[in-house]
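The values are calculated or read from the model by the stated rules, or taken from the named source; none is laboratory data. Given the structure is predicted, the values throughout are model-derived calculations rather than measurements. All Cβ positions, even for glycine, are placed from backbone atoms using ideal geometry, and neighbour counts span all protein chains on display.
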Amino acid sequence: MILNCPSCGTRYRAESASFAPPGRNVRCAKCGHVWFQTVAEPETAAAAAPLSAVSAEPVPPQPLRPIATERKAAETDLRRTLTQEAEPRRSLLLPALGIILILLVLAAVGWAAVQYRQTVVRLWPASERVYGALGLPVNLTGVAIRNVDLRQQVEDGMPVLFVTGTVVNVSSRDQPVPQLRAILFDDSRRELYRWTFDAGISSLSPGASKDFRVPLQNPPPDARAVNVGFAAEDPR
C-alpha cells in the first residue's frame, strides 16, 4: 500500500499486512509528522501500476546551505566579478597616469626653463643661442633699450645727430644702467661709425624707465639707421 504524509507529501510503500483494521499511527521519516493511517482497500493492478515505480524510501531532500553561507558565497562571487572587471580598467589606467605624469613634468621643466632663463644662461652661456632661436632673447643685465630713434638737426650751422631711446628695468630688483654703444649704418646696412656713451642714468628701480638723448657732432652724412646696445655686449 501507498502512504502519503499529510504534512510534507512524502510517499511511502508499505506492506498492507502491517496494518490491522482499523489502522495505526505512523510517523513520517522526513518531517516527523505523526498521523493515523487507516487500512486502505486493496488496489487493483491497474491502479497500482502507476505507483510501482515509486520508491519505497522517501526521496532525500536536497542539502541546503545555511543562509549565512549563501550570502558569503554571493559576496565572494560579486567580489570576484568586480575584480575581473577592474583588471582591464587598471591595465588601461596605469599607462594613462604615466603619460599624464610625464607631460606634467615636461610642462614644469619647460616653464622653469623659460621663467628662469637668465639663470640658465649664466650657468650655461651656450644656451643663449638656443633661447634666441626660439624667440626668447635673454637679458642678463636686467635692463632693456626700447624706442630707439635717429634724428639729424643743424645747430650753429653744424650737423648734429641725436640718438634717442628709453632704458627700462625689466627685472624685479634695482639695476644699474651700464654704458651704451651705438652703431650707425647707411642704406645698405654698411657700418659707418660706432661709439660708446653714458645715457646719464645711474640706476632704475623695478619696472622704471627713463629716456635718453645723446648728440653726435659731425656725423657721417650717409647715416640712415642706428643700433643701440650695451657696450659690454659689443660683438666686435
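Arg129: in a helix (DSSP H, G or I), within 28 Å of Gln175 (Cα to Cα) and of a type in the set (Lys, Arg), yes or no?
Yes, satisfied.
Inspect all residues belonging to segment 178-189 and state whether any of them is closer than 22 Å to Trp111 by Cα and either part of a loop (DSSP other than H, G, I, E, B) or without any contact (Cβ under 8 Å) to a residue 60 or more places away in the chain (or both).
No, that holds for no residue.
From Arg194, Arg190, which residue is modelled with pLDDT of 85 or more, surrounded by 12 or more Cβ atoms within 10 Å (Cβ to Cβ) and among the charged types (D, E, K, R)?
Among Arg194, Arg190, only Arg194 is modelled with pLDDT of 85 or more, surrounded by 12 or more Cβ atoms within 10 Å (Cβ to Cβ) and among the charged types (D, E, K, R).
Return a yes/no flag: does segment 144-152 have any residue that is part of a loop (DSSP other than H, G, I, E, B) and closer than 19 Å to Thr119 by Cβ.
no
Which residue pairs have Cβ atoms closer than 8 Å, lie 6 or more positions apart in sequence or on different chains, and pair a first residue in segment 135-161 that is farther than 21 Å from Lys210 by Cα and in contact (Cβ under 8 Å) with a residue 40 or more places away in the chain with a second residue that is aromatic (Phe, Trp, Tyr) and surrounded by 13 or more Cβ atoms within 10 Å (Cβ to Cβ)?
Going by the 8 Å Cβ cut-off, the qualifying pairs are Gln152/Phe162.
Give the residues of segment 35-62 that are modelled with pLDDT of 75 or more and either touching a Ser or Thr at 6+ places or on another chain (Cβ under 6 Å) or surrounded by 13 or more Cβ atoms within 10 Å (Cβ to Cβ) (or both), sorted by residue number.
Selection gives Trp35, Gln37.
Is it the case that Val121 is assigned by TED's automatic domain parsing to the domain that holds Leu204 and either outside any helix (DSSP H, G or I) or under 30 Å from Gly200 (Cβ atoms) (or both)?
Taking the combined requirement at face value, the residue does not satisfy it.
Which of the numbered conditions does Val168 fail, given that it passes all the others? Conditions: (1) within 25 Å of Val114 (Cβ to Cβ); (2) in contact with a Gly (Cβ under 7 Å, 6 or more places away or on another chain); (3) in a strand (DSSP E or B).
Going through the list (1) within 25 Å of Val114 (Cβ to Cβ); (2) in contact with a Gly (Cβ under 7 Å, 6 or more places away or on another chain); (3) in a strand (DSSP E or B), Val168 breaks only (2).
Could you tell me how many of the residues in segment 193-229 are aromatic (Phe, Trp, Tyr) and under 23 Å from Ser171 (Cβ atoms)?
2
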